[in-house]
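*Asks:* My structure is below; once you've seen it, I'll send some questions.
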Number of protein chains: 2
Amino acid sequence: MDTNNVDLPGERDIREAAARIAPYTHRTPVMTSQYFDSLVAGQVFFKCENFQKVGAFKFRGAANAVFSLSDEEAARGVATHSSGNHAQALALAARLRGTKAYIVMPSNAPRVKRQAVADYGAEIIDCEATVASRESTAEQVVADTGATFIHPYNDRRIIAGQGTAALELLDEVSGLDVILVPVGGGGLASGTAIAAAAVSPSTRVIAAEPAEADDAYRSLQSGRIEPSINPRTIADGLRTSLGELTFAALRRHVDSIVTVPEDAIRTAMRQVWERMKIIIEPSAAVPLAALLLGRIDTAGKRTGIILSGGNVDLNETLRLFGEG
Amino acid sequence: MDTNNVDLPGERDIREAAARIAPYTHRTPVMTSQYFDSLVAGQVFFKCENFQKVGAFKFRGAANAVFSLSDEEAARGVATHSSGNHAQALALAARLRGTKAYIVMPSNAPRVKRQAVADYGAEIIDCEATVASRESTAEQVVADTGATFIHPYNDRRIIAGQGTAALELLDEVSGLDVILVPVGGGGLASGTAIAAAAVSPSTRVIAAEPAEADDAYRSLQSGRIEPSINPRTIADGLRTSLGELTFAALRRHVDSIVTVPEDAIRTAMRQVWERMKIIIEPSAAVPLAALLLGRIDTAGKRTGIILSGGNVDLNETLRLFGEG
């Protein structure tokens, strides 16, 4: 697949996104941990997007997309399909803009996430838990309402918005050797890689992915988008496959992709809870899992990790830790 | 009981403690939450001692006590009895001072806390889970080793150290109407109340206590120390009873004590985990529980809460949530 002509957002788009969303987003803290520093014999800087509005980085992209709309577009609302954080993010962004969000969700989505979307005032439209059902249901919603469809990741505005987290991290922490991000659909990984390439070219960006949902890894190997078929990973935010834009961005700007097994994700997540006293979701633990497995050379280095979110169902997490 | 002549630490002791422990402690962040602000129709400022070294405010007092010792005293080590956070705190402080800590612990103390104490290099001496056994075992350790006994709360150095958290909070957040603290043995409540009275006399200090371990409430009512007999609260840090010093400090400087039922503690704790994405232990949730029950007038007010710690056994806690 020829990705050279794909029109990706650039540094200017990310900087404009940062200014656009600043009134609505948290500038999240960067935390450090002597425990993890000593484990990896280097310095690790955790960008805490679990403290972002709606509990995940996804709000950055959603806010950028919604506040990019013309008043006329905004008046007709926004629509998306999402099993989780993007849904909440778009719902809140729409409410802040004073417009309506139509969220197509699979009926098996976590209870806590469905409730949060409803609490933000969005209209939930149920679909089957398949890509085909999501997409056709969303198309119908757009046809019925005239709402603007905002894809969870394969969208220039979304990618630019997600890149603002790395912009803040690089602004606050100098001389990072590496930034690690989880990769699912690739919005965060793309935005991070574009931002780092522009602002700090010496910083490598490495994406981390569950071995059970290694579509991005396989896609970069084969040179075309290899979708995940019903991936079984606890990292529920990373079950999606790359889109054209994010595939092109990863090819161009990501150094490499590492994959990690499920038990390493669970262990890394639990260690963050116990040692840092913060709640992260399984997807957010994937980069740290790669670090703790020694898959990335961190000795004497300064490594940034974007902790992508903190939305978990506590009872489900109990079962998860109980299995460990 | 006449408490007028009890020699309490004062503002100067707390300021000296702050300077003494600054190289070893974290200046913990103050977090806010729009969710809780809207629930209480006011502003709430959370002083995050769950992010303190060893995961609890206890490290402040322990560090102050250990670094107050003469070199000669320090050479013989320190000793205490504690079921939890004070044990870890003293163990780490001793290690930083380069001396030995002897920790008397009941054999039923949480696994995670015993392990943490051992990891800090302290020597653990087992005792029965009774006050009498703790005290006699600790006395024997002191007699055998010449170590300095550091009581978990009934100690001027400890109280002064605990007061440094409020000092930081009052320095960072102006115009607080109220500060809420949990009360167990009363070290944190005493230090907080002394600090606030000196630095911000218009700030009321209210202590919150589990109804199942309401010894401080009953003690202030009756005018003498009323011990808790085998209290059954999930707030394991608050099962201890007041000492002479802390009783005197509470009488003199605390505005009032409110008590809260167990289910409110569990609910408040869970809400902090879910909404703020931070891990707090049950004891730390007690003041917020009082707030959420409407026991304290917060409408239009600025309320500080000291989140005392974040040390939990995850499996036990997740079971707790499962029961709720």
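The values are calculated or read from the model by the stated rules, or taken from the named source; none is laboratory data. For clarity, every value in this text was computed on a predicted model and none was experimentally measured. Neighbour counts run over all protein chains shown; Cβ positions are idealised from the backbone, glycine included.
*Asks:* Test each condition in (1) within 14 Å of another protein chain (Cβ to nearest Cβ); (2) surrounded by fewer than 18 Cβ atoms within 10 Å (Cβ to Cβ) for A:Q271 and report the one that comes out false.
*Replies:* That leaves (2) as the condition not met.
*Asks:* Taking the options A:G163, A:G186, A:G175, name whichever one is in the same structural domain as A:I280 (by TED's automatic domain parsing), at positive phi, surrounded by 21 or more Cβ atoms within 10 Å (Cβ to Cβ) and not polar (S, T, N, Q).
*Replies:* Step by step, each of A:G163, A:G186, A:G175 is checked, and only A:G186 is in the same structural domain as A:I280 (by TED's automatic domain parsing), at positive phi, surrounded by 21 or more Cβ atoms within 10 Å (Cβ to Cβ) and not polar (S, T, N, Q).
*Asks:* Somewhere in segment A:228-239, is a residue surrounded by fewer than 24 Cβ atoms within 10 Å (Cβ to Cβ), more than 20 Å from A:G322 (Cα to Cα) and modelled with pLDDT of 95 or more?
*Replies:* Looking for residues that are surrounded by fewer than 24 Cβ atoms within 10 Å (Cβ to Cβ), more than 20 Å from A:G322 (Cα to Cα) and modelled with pLDDT of 95 or more, one finds none in segment A:228-239, hence no.
So that you can scan it fast, the table gives a plain yes or no per residue for (1) within 16 Å of B:A284 (Cα to Cα); (2) in a loop (DSSP other than H, G, I, E, B); (3) among the charged types (D, E, K, R):
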{"position": "B:G175", "(1), (2), (3)": "no, yes, no"}
{"position": "B:L188", "(1), (2), (3)": "yes, no, no"}
{"position": "B:A196", "(1), (2), (3)": "no, no, no"}
{"position": "B:A208", "(1), (2), (3)": "yes, no, no"}
{"position": "B:E212", "(1), (2), (3)": "yes, no, yes"}
{"position": "B:R224", "(1), (2), (3)": "no, yes, yes"}
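*Asks:* Search segment A:232-262 for residues being out of contact with any Lys or Arg (no Cβ under 9 Å at 6 or more places or on another chain) and of a type in the set (S, T, N, Q), and hand back the single one that is nearest to A:S308 (Cα to Cα).
*Replies:* A:T240
*Asks:* A further question follows. Within segment B:249-259, identify whether any single residue is within 14 Å of chain A (Cβ to nearest Cβ) and surrounded by fewer than 24 Cβ atoms within 10 Å (Cβ to Cβ), and answer yes or no. Steps first, please.
*Replies:* In the first step, residues of segment B:249-259 are kept if they are within 14 Å of chain A (Cβ to nearest Cβ); the result is none.
So far as segment B:249-259 goes, no, none of its residues is within 14 Å of chain A (Cβ to nearest Cβ) and surrounded by fewer than 24 Cβ atoms within 10 Å (Cβ to Cβ).
*Asks:* When the residues of segment A:1-17 are filtered to those that are acidic (D, E) and part of a helix (DSSP H, G or I), which remaining residue is farthest from A:L293 (Cα to Cα)?
*Replies:* Ranking the candidates gives A:E16 first.
*Asks:* Wholly within segment A:49-145, which helices (runs of 4 or more DSSP H) include no fewer than the required count, namely at least 3 residues that are surrounded by fewer than 16 Cβ atoms within 10 Å (Cβ to Cβ), within 20 Å of the chain's Cα centre (by Cα) and without any contact (Cβ under 8 Å) to a residue 12 or more places away in the chain?
*Replies:* On the way: elements: A:58-68, A:71-75, A:85-97, A:111-119, A:131-145.
By residue number, no helices (runs of 4 or more DSSP H) qualify.
*Asks:* Moving to a separate point now. Give me a count of the residues in segment B:272-300 that are small (G, A, S) and within 22 Å of A:G55 (Cβ to Cβ).
*Replies:* 2
*Asks:* Continuing with this model, one more query. Name, by its number, the condition in (1) at pLDDT below 95; (2) buried (at least 18 other Cβ atoms within 10 Å of the Cβ) that does not hold for A:I265.
*Replies:* The failed condition is (1).
*Asks:* If we keep just the residues of segment A:29-48 that are in contact (Cβ under 8 Å) with a residue 24 or more places away in the chain and not hydrophobic (A, V, I, L, M, F, W, C), which is nearest to A:I158 (Cα to Cα)? Full working, then the answer.
*Replies:* The initial filter retains those residues of segment A:29-48 that are in contact (Cβ under 8 Å) with a residue 24 or more places away in the chain, namely A:30-31, A:33, A:35-36, A:39-48.
Add one more test, that the residue is not hydrophobic (A, V, I, L, M, F, W, C), and what stays is A:33, A:35, A:42-43, A:47.
On the way: A:S33: 30, A:Y35: 34, A:G42: 32, A:Q43: 30, A:K47: 19 Å.
Within segment A:29-48, the match that is nearest to A:I158 (Cα to Cα) is A:K47.
*Asks:* Can you name the residue in segment B:18-35 that is within 14 Å of another protein chain (Cβ to nearest Cβ) and not in a loop (DSSP other than H, G, I, E, B) and is also farthest from B:L238 (Cα to Cα) among such residues?
*Replies:* Once the filter is applied, the top-ranked residue is B:Q34.
*Asks:* Then there's this: So, A:T303, is that one under 16 Å from A:G237 (Cα atoms), assigned by TED's automatic domain parsing to the domain that holds A:V173 and hydroxyl-bearing (S, T, Y) or not?
*Replies:* no
*Asks:* Oh, and also: For segment A:2-53, name all the residues that are of a type in the set (F, W, Y) and touching a His at 6+ places or on another chain (Cβ under 7 Å).
*Replies:* Selection gives A:F51 alone.
*Asks:* From the list A:T240, A:T298, A:T317, which residue is away from chain B (no Cβ under 14 Å), of a type in the set (S, T, N, Q) and over 29 Å from A:R157 (Cβ atoms)?
*Replies:* On the way: A:T240 fails: over 29 Å from A:R157 (Cβ atoms); A:T317 fails: away from chain B (no Cβ under 14 Å).
Residue meeting the stated conditions: A:T298.
*Asks:* Among the numbered conditions (1) modelled with pLDDT of 95 or more; (2) within 14 Å of another protein chain (Cβ to nearest Cβ); (3) more than 17 Å from the chain's Cα centre (by Cα), tell me where B:R224 comes up short.
*Replies:* (2)
*Asks:* Here is a follow-up. Give me a count of the residues in segment B:13-42 that are crowded, with 17+ Cβ neighbours inside 10 Å, of a type in the set (G, A, S) and under 19 Å from the mean Cα position of the chain (by Cα).
*Replies:* The qualifying residues number 2.
*Asks:* Just one of the numbered conditions (1) under 25 Å from B:P282 (Cα atoms); (2) out of contact with any helix residue (DSSP H, G or I) (no Cβ under 9 Å at 6 or more places or on another chain) is not true of B:A75; which one?
*Replies:* In the conditions (1) under 25 Å from B:P282 (Cα atoms); (2) out of contact with any helix residue (DSSP H, G or I) (no Cβ under 9 Å at 6 or more places or on another chain), B:A75 misses (1) alone.
*Asks:* When only residues in segment A:301-314 that are closer than 19 Å to A:G55 by Cβ and in contact with a Gly (Cβ under 8 Å, 6 or more places away or on another chain) count, which is nearest to the other protein chains (Cβ to nearest Cβ)?
*Replies:* A:G310
*Asks:* Related question: May I ask you to verify whether A:V286 is more than 29 Å from B:L320 (Cα to Cα), at pLDDT 95 or above and more than 14 Å from every other protein chain (Cβ to nearest Cβ)?
*Replies:* no
*Asks:* Across segment B:295-316, which residue is farthest from the chain's Cα centre (by Cα) among those that are surrounded by fewer than 22 Cβ atoms within 10 Å (Cβ to Cβ) and under 15 Å from B:P282 (Cα atoms)?
*Replies:* Filtering segment B:295-316 for residues that are surrounded by fewer than 22 Cβ atoms within 10 Å (Cβ to Cβ) and under 15 Å from B:P282 (Cα atoms), the one farthest from the chain's Cα centre (by Cα) comes out as B:N315.
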